[in-house]
Amino acid sequence: MREIDLRSDTVTRPTSGMLKAIMSAEVGDDVYKEDPTVNALEDKLAKMFGKEEALFFPTGSMANQAAIKLHTQPADQLICDKWAHVFNYEGGGASFNSGVSCKLIDGERGMITAAQVEENINPPDFYHSPLTTLVCLENTTNKGGGACYDLKEIKEVRKVCNTYKLGLHLDGARLFNALVAKNEDPKDYGKLFDTISVCLSKGLGIPMGSVLIGDKEIMKNAIRVRKVLGGGMRQVGFMAAAGIYALDNHVERLAEDHKRAADIAETLDAASYVGEVEPVETNIIIFYLKNTSDEVAFMNNLQQENIRISNMGQGKLRIVTHLDYSEAMHQKFLKVLKQIKL
Ligand SMILES: Cc1ncc(COP(=O)(O)O)c(C=O)c1O
């Protein structure tokens, strides 16, 4: 059996069906907007979310950074959770690319409420403070352990954004996990957010690529911003073909990843060496050992069985299920977890 790599849902390799789609893609120069497959992918996602436009990006980070640039002016401030990817894991891009600061909210598992957003808007006439212009939500949350927003709360955030004339961006790197877990309609998200970035390279399993979705007005400069960020690509229809294939074949199966994640959480919960398992809603499991000092021994036990998971520091361990984690691997992993003695 191959190594069981549960560090992230980005470690997958294209399936044979996806490789066939890649090999038979019709391509062109996407910088000239002449790649028919990229155009088809963008069109498919825009329609799926009920928006006017979509633009293919090499990474989720670049799609988020472009969105921040489209919504803000230098010296503005955006509001996001303290664990947000846009603040913590995009290399300080918000300040580097857009010259904006981030007001960090102490949310719950990476999610913030409408009330918290409203409390943290700087009064627009108080010129000493940065002008608040954007709110960024993340769904599902990465560091929050795959937690999903309640659509009702997002509606309240939208109301606050309307009242204070703020843009609303969704980092939807794993939005399809939330849509499947909560049986939601992408069009509801299209109605609530001004821009949405979705990653095709996480649970959906394509080698690279994310898409930024929005209406014409906000998206009119998106291609220029992508150019500035160095994200113009040429015959990238090969990847777009993988994206179309993934949207047609890999969305519903996310439920399998969620079911396996729930099984793992249950097994961990019952293990004598585990202190706490955070609630599991999608494909990410965050847990803590009873004694942090056992971490090395625990990881060594897994390593001996050719199993890899992530240590996020401060006692936080992370497991992520995905497309390349088979039922046979799952059964082996559960068995190993049950046998470990620390
Ligand atoms: C929540 C979230 N947003 C954005 C990204 C960025 O995606 P990429 O690695 O394609 O830049 C990630 C990547 O893990 C993520 O977890």
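The values are calculated or read from the model by the stated rules, or taken from the named source; none is laboratory data. Everything quoted here is computed from the prediction, not taken from an experiment. Cβ coordinates were reconstructed from backbone atoms using ideal geometry, including for glycine residues, and neighbour counts include every protein chain displayed. The area values use the complete protein model at the heavy-atom level, side chains included, leaving out ligands, DNA and RNA. Shrake-Rupley method; radii C 1.70, N 1.55, O 1.52, S 1.80 Å.
Output the residues belonging to segment 193-225 that are part of a loop (DSSP other than H, G, I, E, B) and open to solvent by less than 50 Å² (accessible area, probe 1.4 Å).
Just the residues of segment 193-225 that are part of a loop (DSSP other than H, G, I, E, B), to begin with: 193-194, 200-209, 215, 220-221.
If the condition is that a residue be part of a loop (DSSP other than H, G, I, E, B) and open to solvent by less than 50 Å² (accessible area, probe 1.4 Å), then PHE193, ASP194, LEU200, SER201, LYS202, GLY203, LEU204, GLY205, ILE206, GLY209 are the ones that fit.
Pick from segment 29-52 the residues that are part of a loop (DSSP other than H, G, I, E, B) and under 21 Å from ARG174 (Cα atoms): which of them is farthest from the ligand (Cβ to nearest atom)?
Only one residue tops the list, namely GLY50.
Does segment 154-164 contain any residue that is open to solvent by 30 Å² or more (accessible area, probe 1.4 Å), touching a Phe, Trp or Tyr at 6+ places or on another chain (Cβ under 8 Å) and of a type outside the set (D, E, K, R)?
no
For segment 231-275, enumerate the residues that are open to solvent by less than 10 Å² (accessible area, probe 1.4 Å), part of a helix (DSSP H, G or I) and not hydrophobic (A, V, I, L, M, F, W, C).
If the condition is that a residue be open to solvent by less than 10 Å² (accessible area, probe 1.4 Å), part of a helix (DSSP H, G or I) and not hydrophobic (A, V, I, L, M, F, W, C), then GLY237, GLY243, ASP257 are the ones that fit.
Going by the conditions given, is LEU104 open to solvent by less than 30 Å² (accessible area, probe 1.4 Å) and either within 15 Å of LEU212 (Cβ to Cβ) or under 19 Å from the mean Cα position of the chain (by Cα) (or both)? I'd like the intermediate steps shown before the answer.
Values: open to solvent by less than 30 Å² (accessible area, probe 1.4 Å): no; either within 15 Å of LEU212 (Cβ to Cβ) or under 19 Å from the mean Cα position of the chain (by Cα) (or both): yes.
No, not satisfied.
How about segment 6-28: which of its residues are out of contact with any Leu (no Cβ under 8 Å at 6 or more places or on another chain), open to solvent by less than 20 Å² (accessible area, probe 1.4 Å) and within 16 Å of the ligand (Cβ to nearest atom)?
Correct list: LEU6, SER8.
Among the residues of segment 283-326, write down those that are open to solvent by 30 Å² or more (accessible area, probe 1.4 Å), assigned to a helix (DSSP H, G or I) and without any contact (Cβ under 8 Å) to a residue 24 or more places away in the chain.
Answer for segment 283-326, where residues must be open to solvent by 30 Å² or more (accessible area, probe 1.4 Å), assigned to a helix (DSSP H, G or I) and without any contact (Cβ under 8 Å) to a residue 24 or more places away in the chain: THR292, SER293, VAL296, MET299, ASN300, GLN303, GLN304.
Please go through segment 29-48 and give me each residue that is open to solvent by 50 Å² or more (accessible area, probe 1.4 Å) and in contact with a Leu (Cβ under 7 Å, 6 or more places away or on another chain), ordered by number.
The answer is LYS44, and nothing else.
Looking at GLU153, GLU138, which one is within 30 Å of THR321 (Cα to Cα) and under 17 Å from the mean Cα position of the chain (by Cα)? Let's see the steps before the verdict.
On the way: GLU153 fails: under 17 Å from the mean Cα position of the chain (by Cα).
The unique qualifying residue is GLU138.
Those residues that are open to solvent by 50 Å² or more (accessible area, probe 1.4 Å) and within 15 Å of the ligand (Cβ to nearest atom), I need them from segment 69-95; list them, please. Outline the logic, then answer.
Restricting attention to segment 69-95, the residues satisfying the condition of being open to solvent by 50 Å² or more (accessible area, probe 1.4 Å) are 69, 73-75, 82-83, 87-89, 91, 95.
Hits for segment 69-95 are LYS82, TRP83, PHE87, ASN88, TYR89, GLY91.
Step by step: first the residues of segment 53-68, then only those that are within 10 Å of the ligand (Cβ to nearest atom) and surrounded by fewer than 23 Cβ atoms within 10 Å (Cβ to Cβ), then the one that is farthest from the chain's Cα centre (by Cα). Which residue is that?
The first filter runs over segment 53-68 and keeps only residues within 10 Å of the ligand (Cβ to nearest atom), leaving 57-65.
With the extra rule that they be surrounded by fewer than 23 Cβ atoms within 10 Å (Cβ to Cβ), the set shrinks to 58-59, 61-62.
Working: PRO58: 14, THR59: 11, SER61: 10, MET62: 12 Å.
Among those that are within 10 Å of the ligand (Cβ to nearest atom) and surrounded by fewer than 23 Cβ atoms within 10 Å (Cβ to Cβ), it is PRO58.
Hey, does segment 122-132 have a residue that's without any contact (Cβ under 8 Å) to a residue 40 or more places away in the chain and buried (at least 17 other Cβ atoms within 10 Å of the Cβ)? Break it down stepwise before answering.
Kept after step one, since they are without any contact (Cβ under 8 Å) to a residue 40 or more places away in the chain, are these residues of segment 122-132: 123, 125-128.
In the following step, the residues that additionally are buried (at least 17 other Cβ atoms within 10 Å of the Cβ) were identified as none.
Checked segment 122-132: no residue is without any contact (Cβ under 8 Å) to a residue 40 or more places away in the chain and buried (at least 17 other Cβ atoms within 10 Å of the Cβ).
Quick check: is even one residue across segment 288-296 modelled with pLDDT under 95 and touching a helix residue (DSSP H, G or I) at 6+ places or on another chain (Cβ under 9 Å)?
no
In the list LYS202, LYS143, which residue meets the criterion of being closer than 30 Å to SER16 by Cβ, touching a residue at least 24 places away in the same chain (Cβ under 8 Å) and within 16 Å of the ligand (Cβ to nearest atom)? Walk me through it before giving the result.
Working: LYS143 fails: closer than 30 Å to SER16 by Cβ.
After applying the criteria, what remains is LYS202.
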